[in-house]
Structure formats: structure tokens, C-alpha cells
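The values are calculated or read from the model by the stated rules, or taken from the named source; none is laboratory data. All values derive from a computational prediction rather than experimental measurement. Positions of Cβ are backbone-derived with ideal geometry, glycine not excepted, and every protein chain shown enters the neighbour counts. The protein model used for the area step is the full one, side chains on, heavy atoms only, and it has no ligands, DNA or RNA in it. Shrake-Rupley method; radii C 1.70, N 1.55, O 1.52, S 1.80 Å.
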Amino acid sequence: MKTTEAYDNAQRVDTGREAYSLIDLMIALCILTLIGAIAIPNIRRKLPERRLQGAVSAVVTQLRTARVRARSEARPVLVEVDSANTRLRFMSDRDGNSLYAGDEVSELDLTRFHNVELRSWVTNGVFTARGEFYCSTSALGLALRAGNAAQGFVYVFPGGLIEDSGQALF
């Protein structure tokens with residue numbers, strides 16, 4: 001008899017933890033479901049705004065990079081706006097022949113930001129070797145919109161100043 005008692009006691013190791021009941025697990029699941037039901041609509045509402053902020057930031061970064069490249073290479077960089085395909089192209093005249101075909105081309109494809117629209121008053125402009133910007137109007141203005149979110153605007157002014165704004169300047 002003593003042998004089986006010792007065996008039973010050896011099998012029972014007290015870990016100090018209690019198991020959760022099915023009711024405990026169901027309550028936890030209900031709480032998580034309620035939190036998700038409250039949080040998901042708020043997250044979905046913010047997505048277009050975040051996409052817009054990302055697109056504006058990418059455009060500003062690429063424009064500043066094009067300006068720096070024009071100054072560092074001492075060669076013009078053409079900026080081409082393709083509103084129909086939501087793209088910006090940056091072409092560097094590396095061989096100095098004033099033709100941009102076949103030279104270095106980089107492209108910013110804004111379709112990766114999902115439902116971001118690009119609009120512009122001007123289709124192209126150029127950063128000079130001194131970093132100044134010229135186009136057919138007083139400045140290059142780009143309007144970006146994502147879903148029903150507020151628009152974001154990016155401007156490139158003749159001196160080469162690049163600004164982003166939450167409102168239209170002109």
C-alpha cells in the first residue's frame with residue numbers, strides 16, 4: 001500500500017497554477033472582439049490619410065534628390081509629371097547633349113500608395129546645374145489626393161525651394 005501511495009504522490013506535482021475554464025476563455029474572446037470592433041473602423045478611416053502623407057513625403061524626397069543630383073553633377077535634371085499614370089520621372093542629361101532620351105531615368109510610381117491621385121498644372125520642369133527650377137508657369141504645383149482624405153500639395157518654386165502643404169497656395 002505504501003508503494004502505490006508514494007507512486008501517486010510522485011505523479012502529482014503541484015505547479016501552483018490553476019487552469020482556465022472555458023467561461024474564462026469565452027469572456028476573454030468577447031473582450032478582444034469588442035476591442036477589435038471599436039478599433040478597426042478607426043484604423044480604416046485613417047488609412048487614406050496615411051497613404052497621402054506617405055505619397056507627399058515620397059514626392060518631396062524625390063524632388064529634393066533630383067535638385068541635389070542636378071547640382072552635384074552640374075547637369076540639368078528634367079522633372080516630368082505623368083498625371084494619367086500617377087508617376088513622376090526624373091531624367092538627367094549626363095552626356096550634355098540637351099536630349100534626355102537614353103540618359104539616366106528614375107521614376108516615382110505613386111500607384112504603390114493605393115488610390116493616390118496625382119494632378120498638376122504643368123507637365124514638366126527642369127532643375128538647373130545651380131539647383132534652380134524652371135517651368136512654364138511661376139511654379140510646379142502637384143496636388144495629391146487619397147480616397148476622401150484631404151488633399152496634399154507639393155510646390156517647386158523657381159529658386160529650387162520645395163515645399164509641401166495641406167492647402168493650395170494658388
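A few remarks follow.
- Selection from segment 104-115 of residues that are in contact with a Leu (Cβ under 9 Å, 6 or more places away or on another chain) and either open to solvent by 70 Å² or more (accessible area, probe 1.4 Å) or more than 14 Å from residue 62 (Cβ to Cβ) (or both): 107, 114
- Against the numbered list (1) under 22 Å from residue 50 (Cα atoms); (2) in contact (Cβ under 8 Å) with a residue 12 or more places away in the chain; (3) surrounded by fewer than 18 Cβ atoms within 10 Å (Cβ to Cβ), residue 118 comes up short only at (3).
- Within segment 111-145, the set of residues being polar (S, T, N, Q) and either outside any strand (DSSP E or B) or touching an Asp or Glu at 6+ places or on another chain (Cβ under 7 Å) (or both) comprises 111, 115, 123, 124, 128, 136, 137, 138.
- Lone unmet requirement of (1) without any contact (Cβ under 8 Å) to a residue 24 or more places away in the chain; (2) closer than 19 Å to residue 65 by Cβ; (3) assigned to a loop (DSSP other than H, G, I, E, B) for residue 155: (3)
- Every residue from segment 121-134 that is touching a residue at least 24 places away in the same chain (Cβ under 8 Å) and either in contact with a strand residue (DSSP E or B) (Cβ under 6 Å, 6 or more places away or on another chain) or more than 27 Å from residue 72 (Cβ to Cβ) (or both): 122, 123, 124, 125, 126, 127, 133, 134
- Beta carbons closer than 6 Å, at least 6 apart along the sequence or on distinct chains, pair a first residue in segment 40-62 that is touching a residue at least 40 places away in the same chain (Cβ under 8 Å) with a second that is part of a helix (DSSP H, G or I) for 51/113; 54/113; 55/110; 55/113.
- The single residue among 57, 92 that is over 17 Å from residue 134 (Cβ atoms) and surrounded by 13 or more Cβ atoms within 10 Å (Cβ to Cβ) turns out to be 57.
- Qualifying positions in segment 132-153 - among the hydroxyl-bearing types (Ser, Thr, Tyr) and either modelled with pLDDT of 90 or more or surrounded by 18 or more Cβ atoms within 10 Å (Cβ to Cβ) (or both): 134
- Scanning segment 97-115 for residues that are without any contact (Cβ under 8 Å) to a residue 24 or more places away in the chain and among the polar types (S, T, N, Q) turns up 97, 98.
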